[in-house]
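A.B. asks: The structure that follows is given in the form of structure tokens.
The numbers here are math on the coordinates, done by the rules we state, and not lab data. Just so we're clear, the structure is a prediction, and the values are computed from it rather than from any experiment. With ideal geometry, Cβ positions are generated from the backbone for all residues, glycine too; neighbour counts draw on all protein chains shown.
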Amino acid sequence: MRAIAVYCGASHGVSPRYAQAARELAAQLVDHHIPLVYGGGNVGLMGVIADEVLRLGGDVTGVIPRALVEREVGHAGLTRLFVVKDMHERKAMMADLSDGFIAMPGGMGTLEELFEMLTWSQLGIHSKPVGLLNVDGFYDRLIDFVAHQRDEGFVRQQHAALMMSESDPAALVGRLQAAFAAVPPVHGNPDLR
């Protein structure tokens, strides 16, 4: 895989397990020679995963909108950092640079990025795998809600299945790699974005 984009919080959250999982995911990426693409911040779980990938000798690309450079404290020590115009450009660039996506625990922005990538997959804009790192059941209610959407006829089963979930970083990276190998990514028409 060329790279995996990781979406996660600009805060650490309440549980120390979130930061621990970020470090474990970083180790898996480095062990599998998969560069990290992320939101470019130096705070919260974003900073934890970026710092750990760098500490382990891995490659990190950050993509951050100009307006968030100060708020998310743009990370100055990355392999490369792109400062872009806005959130739309950030998400498009992160998607273009990555062959898969992982959502760790995070807030509204993490969910928005996760569901945009799932929607793009559903619409055939890309065929890149999307996964949840479900640390200590953080995403259990979201997984249940998507099942509810499916049961109520708003989400097809094959589209609900696009959202892979694992609690173990090694298992999740393995599933993304297997899904990527099974279906080469389709780089969608940029006009559809």
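A.B. asks: Provide the FRET efficiency to the nearest 0.05 for the Glu112-Leu56 pair, computing r from the beta carbons and using R0 = 25 Å.
C.D. replies: Computed FRET efficiency for Glu112 and Leu56: 0.30.
A.B. asks: Something else about it: How big is the equivalent ellipsoid of the range 110-190 along its three axes, where each semi-axis is √(5λ) from the Cα gyration tensor, reported in whole Å from largest to smallest?
C.D. replies: 20, 18, 11
A.B. asks: Quick check: pseudo-label points 7 Å beyond the Cα along Cα→Cβ at Arg80 and Asp144, how many nm apart are they?
C.D. replies: Going from the Arg80 label point to the Asp144 one covers 4.3 nm.
A.B. asks: Next question, about the same structure. Separation between the Leu123 and Arg66 pseudo-spin-labels, each 7 Å from Cα along Cα→Cβ, expressed in nm?
C.D. replies: My value for the distance between the label points is 2.6 nm.
A.B. asks: Per residue of the chain, what 222 nm ellipticity follows from adding -39500 (n - 2.57) for every DSSP H run with n ≥ 4, rounded to the nearest 500?
C.D. replies: -13500 deg cm²/dmol
A.B. asks: Another question, then. Count the net charge of all other residues whose Cβ sits under 14 Å from the Cβ of Val130, scoring Lys and Arg as +1 and Asp and Glu as -1.
C.D. replies: -2
A.B. asks: Using θ = phi - 60° and the Karplus relation 6.51 cos²θ - 1.76 cosθ + 1.60, list the HN-Hα couplings for the range 126-143 in order, rounded to whole Hz, with x at every Gly or Pro.
C.D. replies: Coupling constants for the range 126-143: 8, 10, 7, x, 10, x, 10, 8, 8, 5, 6, x, 3, 9, 4, 5, 5, 4 Hz.
A.B. asks: So for the chain, averaging the separation of alpha carbon pairs under 8 Å that are six or more residues apart and normalising by length, what relative contact order in percent results?
C.D. replies: 22
A.B. asks: What nm distance separates the two modelled labels at Ala161 and His88, each placed 7 Å from Cα along Cα→Cβ?
C.D. replies: Reported label-point gap for Ala161 and His88 is 3.4 nm.
A.B. asks: Under 5 Å between amide hydrogens, which residues at least 5 positions from Leu132 or on another chain qualify, with H placed 1.01 Å from N in the peptide plane?
C.D. replies: Hits under the 5 Å cutoff: Ala103, Met164, Ser165, Glu166.
A.B. asks: A follow-up question, please. Looking at the chain as a GNM with Cα springs under 10 Å, which of Gln122, Gln177, Gln157 has the largest mean-square fluctuation?
C.D. replies: Largest GNM mean-square fluctuation: Gln157.
A.B. asks: GNM, the chain, Cα, under 10 Å: largest mean-square fluctuation among Arg175, Arg80, Arg150?
C.D. replies: Result: Arg150 has the largest fluctuation of those listed.
A.B. asks: Suppose a student asked you for the relative contact order of the range 54-167, using Cα pairs under 8 Å spaced at least 6 residues apart; what percent would you report?
C.D. replies: 20
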